[in-house]
Amino acid sequence: MTLRLAVLDLAGTTVCDDGLVLDAVLAALGAVRVPCAGPRFPALRRQAEATMDRASLAVFGDLLDGDMHRARHADSAFAARLRSRVRAGVLREIPGATAAMTALHDAGLSVCLCSGFEPALHAEMVEALGWTELADLLVCPADVDGRGLPDPAMLLTAAARAEVEPSGVVTAGDATSAMTAGRRAGAGLTVGVLTGAHRAAPLRA
């Protein structure tokens with residue numbers, strides 16, 4: 001097996017979440033007048049936490065029962081909240097992420113960073129972490145008609161842009177959806193990491 005491209009997730013895989021994403025989800029729901037209290041809220045929060053590895057717009061579409069007008073408004077508020085936190089300097093890498101990407105480059109692999117965020121926010125996070133030179137490619141759902149994980153579209157698009165067959169891709173993520181996407185795409189190696197959403201047993205399953 002010759003691996004030529006590493007496709008790595010952001011939040012939870014290379015970037016410490018530290019509650020940042022959930023905080024932004026709550027701010028977004030508040031922006032569309034969904035009360036972050038009351039009897040319905042615990043179930044809503046569990047639903048948000050279970051789906052945060054997907055494209056953010058799709059998450060809000062589900063949380064708001066398919067009302068895509070409100071979902072787009074919530075998604076904008078979500079991005080604005082995250083952006084304000086990024087600009088406040090709170091973003092931290094998972095320990096060893098920079099070293100890992102450097103080692104991948106040294107081994108002859110290109111590096112693609114993926115997320116479920118909108119393109120401008122995605123790029124701003126990468127820049128804030130000082131990874132602009134380490135990331136050869138950036139891919140997010142907007143590049144593939146909104147198809148986030150577990151759809152393999154982002155991985156396949158990254159492979160096509162790097163002119164690499166899917167079998168030459170190693171992908172790493174912290175959620176089961178990343179494992180599913182890697183398998184569906186035919187990635188040469190699909191790696192689950194224990195720094196984010198899911199534990200070892202569901203990732204292996």
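Throughout, read-outs are computed from the coordinates displayed, never taken from laboratory work. Being a predicted model, the structure only gives us computed values, none of them experimental. We place every Cβ from the backbone using ideal geometry, glycine too, and count neighbours over all the protein chains shown.
Couple of notes before you dig in:
- Highest mean packing first, where packing is the average number of other Cβ atoms within 10 Å per residue, the peptides 84-96, 182-194, 110-122 line up as 110-122, 182-194, 84-96.
- The long axis of helix 97-106 is offset from the longest Cα principal axis of the chain by roughly 30 degrees.
- Cα-projected label distance for A88 with A200, points at 7 Å along beta-carbon direction, nm: 3.6 nm
- Cα-based shape type of region 43-188, given that a ≥ b ≥ c are square roots of the gyration tensor eigenvalues and the cut on a/c is 1.5: oblate
- Only Cα sites of region 1-112 enter the Debye sum here, all with the same form factor; the resulting log10 I(q)/I(0) across q = 0.11, 0.19, 0.24 1/Å is -0.45, -0.97, -1.29, listed in q order.
- In sequence order, region 113-119 has phi-based couplings of 9, 10, 7, x, 8, 6, x Hz under the Karplus curve 6.51 cos²θ - 1.76 cosθ + 1.60, θ = phi - 60°, and Gly or Pro positions carry x.
- Oblate is the label for region 121-205, because a/c, from the alpha-carbon gyration tensor with a ≥ b ≥ c as root eigenvalues, is 1.5 or above and a/b does not exceed b/c.
- Degrees between helix 20-31 axis and first principal axis of the chain (Cα, 0 to 90, nearest 10): 40 degrees
- Hz values of 3J(HN,Hα) by residue in region 168-176 - Karplus curve (6.51, -1.76, 1.60), Gly and Pro given as x: x, 10, 10, 10, 9, x, 9, 10, 4
- Helix-only arithmetic for the chain: the sum of -39500 (n - 2.57) across DSSP H runs with n ≥ 4, divided by the residue total, places the mean residue ellipticity at 222 nm at -14000 deg cm²/dmol.
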